[in-house]
Ligand SMILES: [Zn+2]
């Protein structure tokens with residue numbers, strides 16, 4: 001059954017997309033002047049991303065999250081790497097617009113999660129979506145993501161029992177993808193959310209967070225897809241120590257959390 005996104009959410013995300021696209025075209029103009037010619041020639045885009053990461057990554061100052069995820073700010077955050085051996089940020093323009101900053105412990109939790117998968121022989125590649133602004137605060141159209149303690153994780157997909165990556169490179173438009181109540185992509189029901197992998201991801205993030213003194217306070221997850229998540233073998237294995245998964249969401253929020261899930265962290269006092 002096809003669900004329709006309502007008009008405010010479509011407008012919000014088209015605005016986001018247009019904003020990011022306009023930032024992207026401004027950045028394109030700077031590519032020529034900053035291209036670095038060392039070793040194998042990087043693509044102009046990779047060069048800008050690498051330079052941006054090197055200029056903004058920091059691990060010397062202590063990060064401070066101020067306030068809450070829905071009303072807060074971030075001091076001395078860090079930038080998540082654009083990519084690692086088995087993960088990638090979903091949108092270059094979003095990245096270069098400063099929307100992938102986060103608390104250092106959150107960055108470390110995300111990186112350690114993927115590193116653990118790799119060490120365990122997991123072959124899948126993962127995509128991560130938006131984090132926070134450099135100094136936190138409002139990041140339209142998100143209601144939260146304000147204090148560097150929120151992350152959006154792209155739902156891993158599968159087709160014919162194998163990982164499917166064909167929808168991973170849509171950039172900001174990925175937020176608009178629609179899935180039915182069984183977690184199938186509405187334009188091609190052969191493509192579906194890999195709930196076993198989602199369960200693994202949430203629980204591994206939870207484990208890695210606690211090792212660093214963080215806890216997951218909430219996972220915003222489409223309420224129509226909870227049953228599929230809870231039915232997985234992986235979820236049942238971890239169920240006794242699983243983080244809180246949202247039970248009720250406003251329709252507009254629910255509609256937007258089918259292509260990704262959102263995780264809020266807090267420092268354990
Ligand atoms: Zn989010």
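Results, tabulated for the structure shown:
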read-out	value
Highest-first arrangement of 48-55, 124-131, 86-93, where packing means the average Cβ count within 10 Å	124-131, 86-93, 48-55
Three-way shape call for region 202-269 based on the alpha-carbon gyration tensor, with the a/c threshold at 1.5	oblate
Measure of compaction for region 44-153 (Cα Rg per 2.2 N^0.38 Å)	1.03
Proxy reagent accessibility, fewest Cβ within 10 Å first, across 73, 85, 97	85, 73, 97
Sequence of 268, 253, 191 once ranked by neighbouring C-beta atoms within 10 Å, starting from the fewest	268, 253, 191
Gain in span if fully extended, residue 181 to residue 61, counting 0.36 nm per residue against the direct Cα distance	38.8 nm
Cα-based shape type of region 74-119, given that a ≥ b ≥ c are square roots of the gyration tensor eigenvalues and the cut on a/c is 1.5	oblate
Fewest-first ranking of 82, 195, 230, using other Cβ atoms within 10 Å as the exposure measure	230, 82, 195
Shape category assigned to region 118-193 from the gyration tensor of Cα positions, a/c cut at 1.5	oblate
Theoretical FRET efficiency, 1/(1+(r/R0)^6), r = Cβ-Cβ of residue 85 and residue 250, R0 30 Å, to 0.05	0.20
Span per principal axis, largest first, for the Cα atoms of region 172-213 (Å)	41, 24, 13
Relative contact order (%) - criterion: Cα under 8 Å, at least six apart; region: region 139-235	25
Spin-label pair residue 70/residue 173, simplified geometry with 7 Å Cα→Cβ offset, distance in nm	3.2
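None of the figures in this text is laboratory data; all of them are computed from the coordinates on show. Bear in mind that the values here come from a model prediction, so they are computed numbers and not experimental data. Note that we place each Cβ from the backbone using ideal geometry, even for glycine, and neighbour counts take in every protein chain shown.
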